[in-house]
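A.B. asks: There's a structure below that I have some questions on.
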Amino acid sequence: MIPSPFEYVKVRSVDEALAALAEHGEDAKLLAGGHSLLPIMKLRLAIPTVLIDIGGIPGLSYVRVDGEQVAIGAGTRHYVLERDEVARTEVPLLPHVAGRVGDPQVRHRGTLGGTVAHSDPASDLPTALLALGGTVVLQGPQGRREVPVTEFWTGFFETAMSPEEMVVELRVPRTGSIGWGYEKFTRRENDWPIVAAAAVDGRVALANMAGMVVRATATEEALARGASIAEAAELADQGTSPGADMHADADYRRHLARLLTRRALEKAAGA
Ligand SMILES: Cc1cc2nc3c(=O)[nH]c(=O)nc-3n(C[C@H](O)[C@H](O)[C@H](O)COP(=O)(O)OP(=O)(O)OC[C@H]3O[C@@H](n4cnc5c(N)ncnc54)[C@H](O)[C@@H]3O)c2cc1C
């Protein structure tokens, strides 16, 4: 399918991007790597009349330590995050998961800000970010604000971001040598997860078990009470609402959530 006609605007700074968003309103969409937006435009699930290309904004791609956190620019592409030495040392879950996103072409175009803003419940990096905790840094006409990741994703393709704002940075706690695990179940190596589970520091997040990425709160509470990994993982699908599609029905997804949570927790514990 061919997308509807649109106007193309290339911006060189965050201020220019925000001015273009203010000028064109809800008819406009930011274009980062284009690897989620363009497919849904081709399916006519999104019909923006203006695309604001933020892919060339200098200074939006970085990974750096800032106190007890790691700050990552929204324009950081998945393959950059996958190879970044600071990320590998300070928050190794993220570069590992970046390396599990799609295939090399996808990883060379897709950006962290794009996958966060898109709010696809099946996406890998948001699942890891939700397990890590931390914040999404937004910039808009009123300046900057930070939204905890637990409050950012509000539904299928929906976030707490307003149409005049953009994601400029992600901030996550430095986990260093704390154990972590990421289990992604796919039919083929490069596919999206049918279900995925991320575990770090007693927190567990799941992909594809609801309209957005979600925490396995019953599992987390059981672990905090001193339950074994096996007992806690049996609760992983509690409170979730998985859908059914050609790859898996809801019951199978629930089974996967419990199984992958156990494996991710075991890896995190070094078992
Ligand atoms: C073949 C294929 C396989 C894939 N496999 C996987 C996979 O296995 N796992 C996975 O997680 N993902 C997968 N993806 C998705 C990929 O990771 C995307 O790159 C990513 O989800 C979106 O990033 P992007 O930079 O391409 O965003 P875009 O497509 O450019 O934008 C996505 C949305 O976010 C908005 N946006 C972009 N940047 C910002 C910003 N800074 N602030 C506010 N809004 C913004 C856009 O307006 C748009 O609404 C796949 C994609 C393809 C095409």
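The values are calculated or read from the model by the stated rules, or taken from the named source; none is laboratory data. Just so it is clear, the structure is predicted and the values come from calculations on it, not from any experiment. Heads up, the Cβs are rebuilt from the backbone with ideal geometry, glycines too, and the neighbour counts pull from every protein chain shown. All accessible areas refer to the heavy atoms of the entire protein, side chains included, with ligands and DNA or RNA removed. Shrake-Rupley method; radii C 1.70, N 1.55, O 1.52, S 1.80 Å.
A.B. asks: Among the numbered conditions (1) open to solvent by less than 30 Å² (accessible area, probe 1.4 Å); (2) assigned by TED's automatic domain parsing to the domain that holds V106, tell me where P163 comes up short.
C.D. replies: (1)
A.B. asks: From the set of residues in segment 35-57 that are aliphatic (A, V, I, L, M), in contact with a strand residue (DSSP E or B) (Cβ under 7 Å, 6 or more places away or on another chain) and not in a strand (DSSP E or B), which is modelled with the lowest pLDDT?
C.D. replies: A46
A.B. asks: Now for a different question. Within segment 104-141, count every residue that is touching a Pro at 6+ places or on another chain (Cβ under 8 Å), more than 8 Å from the ligand (Cβ to nearest atom) and not β-branched (V, I, T).
C.D. replies: 4
A.B. asks: Being under 12 Å from P121 (Cβ atoms) and either touching a helix residue (DSSP H, G or I) at 6+ places or on another chain (Cβ under 7 Å) or part of a strand (DSSP E or B) (or both) is the filter here, so list the residues in segment 195-249 that pass it.
C.D. replies: Result: V195, A196, A205, L206, A207, N208, M209, V213, V214, T240, P242, G243.
A.B. asks: Same structure again: What's the number of the condition G67 fails, among (1) surrounded by 15 or more Cβ atoms within 10 Å (Cβ to Cβ); (2) over 26 Å from W192 (Cα atoms)?
C.D. replies: (1)
A.B. asks: Continuing with the same structure: Six or more apart or on different chains, Cβ under 6 Å: which pairs go from a residue in segment 99-116 that's within 22 Å of I57 (Cβ to Cβ) to one that's among the hydroxyl-bearing types (S, T, Y) and more than 8 Å from the ligand (Cβ to nearest atom)? Could you list them?
C.D. replies: Every condition considered, the pairs that remain are R107/Y79; H108/Y79; L112/T76.
A.B. asks: Okay, next question. Filter segment 20-34 for residues that are open to solvent by less than 20 Å² (accessible area, probe 1.4 Å) and in a helix (DSSP H, G or I); which is nearest to the ligand (Cβ to nearest atom)?
C.D. replies: Ranking the candidates gives L21 first.
A.B. asks: Could you run through segment 35-59 and say how many residues are surrounded by 12 or more Cβ atoms within 10 Å (Cβ to Cβ) and under 23 Å from E169 (Cα atoms)?
C.D. replies: Summing the residues that are surrounded by 12 or more Cβ atoms within 10 Å (Cβ to Cβ) and under 23 Å from E169 (Cα atoms) in segment 35-59 gives 10.
A.B. asks: Which of the residues spanning segment 70-123 are among the polar types (S, T, N, Q), open to solvent by 40 Å² or more (accessible area, probe 1.4 Å) and not in a helix (DSSP H, G or I)? Can you show your working first?
C.D. replies: Filtering segment 70-123 down to residues among the polar types (S, T, N, Q) leaves 76, 89, 105, 111, 115, 119, 123.
If we keep only those that are open to solvent by 40 Å² or more (accessible area, probe 1.4 Å) too, we end up with 89, 105.
None - no residue of segment 70-123 is among the polar types (S, T, N, Q), open to solvent by 40 Å² or more (accessible area, probe 1.4 Å) and not in a helix (DSSP H, G or I), so the list stays empty.
A.B. asks: Oh, and also: So which residues in segment 187-205 are open to solvent by less than 30 Å² (accessible area, probe 1.4 Å) and either more than 18 Å from A269 (Cβ to Cβ) or in the same structural domain as P92 (by TED's automatic domain parsing) (or both), if there are any at all? Spell out how you get there, then give the answer.
C.D. replies: Kept after step one, since they are open to solvent by less than 30 Å² (accessible area, probe 1.4 Å), are these residues of segment 187-205: 193-200, 204-205.
Listed by number, the residues that qualify are P193, I194, V195, A196.
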